[in-house]
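S.K.: After the structure tokens below, expect a handful of questions from me.
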Amino acid sequence: MKVLMVCSGGMSSAIIVKAIKKEADSQGINLDINAVGTGVFEDTLKADNYDMALVAPQVKHRFKDFKEIADNLSVPIEVVVPMGYTPIGAPKVLKQILNTIKK
């Protein structure tokens, strides 16, 4: 599975992404997850074959814009679940990813 997370600059999400990847690895799940800033979201989503996109809480006010981009590329997109945007929230976000990709 390949997931792209968008946040303000991509830096704060790097910590969350690392925790989600660690959780996936501990469960034996093959997950490639990356974080990018809002300025490169569209180009990155277009350039690679992502299975899903996640929107970090600090940019959820732009969800409509991100959703339009993702919909045009047939990529499911969601805002990170409440309490998921912390290193200890990684299991919640991984569950969200798995549930969304299974749809």
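S.K.: Would you tally the residues in the range 46-83 being in contact (Cβ under 8 Å) with a residue 60 or more places away in the chain and not aliphatic (A, V, I, L, M)?
M.R.: Looking only at that region, the number is 1.
S.K.: Something else about it: Starting from residues that are touching a Leu at 6+ places or on another chain (Cβ under 7 Å) and at pLDDT 95 or above, keep the ones in the range 35-45 and report whichever is surrounded by the fewest Cβ atoms within 10 Å (Cβ to Cβ).
M.R.: T44
S.K.: Also, quick follow-up: Sort through I88, I101, I69, I97 and tell me the only one that's part of a helix (DSSP H, G or I), closer than 29 Å to S26 by Cα and more than 12 Å from the chain's Cα centre (by Cα).
M.R.: Only one candidate passes the filter, namely I88.
S.K.: So, of the residues in the range 18-38 that are in a helix (DSSP H, G or I) and small (G, A, S), which turns out to be farthest from the chain's Cα centre (by Cα)?
M.R.: Out of the qualifying residues, it is S26.
S.K.: Considering only the range 46-68, state which residues are surrounded by 18 or more Cβ atoms within 10 Å (Cβ to Cβ) and among the aliphatic types (A, V, I, L, M).
M.R.: Answer for the range 46-68, where residues must be surrounded by 18 or more Cβ atoms within 10 Å (Cβ to Cβ) and among the aliphatic types (A, V, I, L, M): M52, A53, L54, V55, A56, V59.
S.K.: If you don't mind, another one. Could you list, in sequence order, the residues of the range 57-89 that are at pLDDT 95 or above and among the small types (G, A, S)?
M.R.: A70, S74
S.K.: Continuing with this model, one more query. When you scan the range 69-92, how many residues do you find that are among the charged types (D, E, K, R), more than 18 Å from K18 (Cβ to Cβ) and crowded, with 17+ Cβ neighbours inside 10 Å?
M.R.: 1
S.K.: Restricting attention to the range 86-103, report how many residues are in contact with a Pro (Cβ under 9 Å, 6 or more places away or on another chain) and within 18 Å of D32 (Cβ to Cβ).
M.R.: Within the range 86-103, residues that are in contact with a Pro (Cβ under 9 Å, 6 or more places away or on another chain) and within 18 Å of D32 (Cβ to Cβ) number 2.
S.K.: If you take the residues in the range 1-17 that are part of a helix (DSSP H, G or I) and in contact with a helix residue (DSSP H, G or I) (Cβ under 8 Å, 6 or more places away or on another chain), which one is surrounded by the fewest Cβ atoms within 10 Å (Cβ to Cβ)?
M.R.: I15
The values are calculated or read from the model by the stated rules, or taken from the named source; none is laboratory data. Not measured: the values here are computed from a predicted model. Here the Cβ is made from the backbone with ideal geometry for all residues, glycine too, and neighbour counts use every protein chain on show.
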